[in-house]
Amino acid sequence: MRVEYDYDTCIGMFQCVAEWDAFERDEDAGKAVLADSEETDEDVFVREVPDDAELDAKFAARTCPVDAITIYDDDGEQLIP
């Protein structure tokens, strides 16, 4: 499973931070940051989701009010949103 995070779309509600510790607050920018991720496109960050964090990652994606977080399964199928 992997997560894709669109930094530009983020509005800084930080609900994802409360759900999964891979997301951190960047108070200066007013946006969340996805730790240990790689930038694939401009302001789009991707990382693998550890097996023990899959539920937390899904909750983080579901709580994002602007759908800045997308979850994909191992076959590349979009699960959330």
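Coordinate-derived values only; no laboratory data. Quick caveat, the model's predicted, so the values are computed rather than measured. No Cβ is skipped: glycine too gets one built from the backbone with ideal geometry, and neighbour counts run over all protein chains shown.
Points worth noting:
- Under the criterion of Cα pairs below 8 Å and six or more residues apart, the relative contact order for the chain equals 39 percent.
- Label zone at ASP74 (point 7 Å along Cα-to-Cβ), backbone N below 15 Å, region 1-18: 1-3
- Between region 1-21 and region 28-65, the alpha-carbon center distance in angstrom: 5 Å
- Dipole magnitude of the chain about its Cα centre (Cβ charges: Lys, Arg +1; Asp, Glu -1), debye to nearest 20: 400 debye
- Over the residues of the chain, the helix contribution to mean residue ellipticity at 222 nm works out to -5000 deg cm²/dmol, using -39500 (n - 2.57) for each DSSP H run of at least 4.
- Cα long-axis angle, helix 54-63 against the chain (0 to 90 degrees, to the nearest 10): 50 degrees
- Hydrodynamic radius by Kirkwood, which averages 1/r over all alpha carbon pairs of the chain, in angstrom: 12.2 Å
- For the pair ASP43 and ARG25 in one chain, pulling the backbone fully straight at 0.36 nm per residue adds 4.9 nm over the alpha carbon distance.
- Of the GluC sites (Glu not before Pro) in region 30-80, the ones in a loop by DSSP (not H, G, I, E or B) with at most 10 other beta carbons within 10 Å are GLU42, GLU77.
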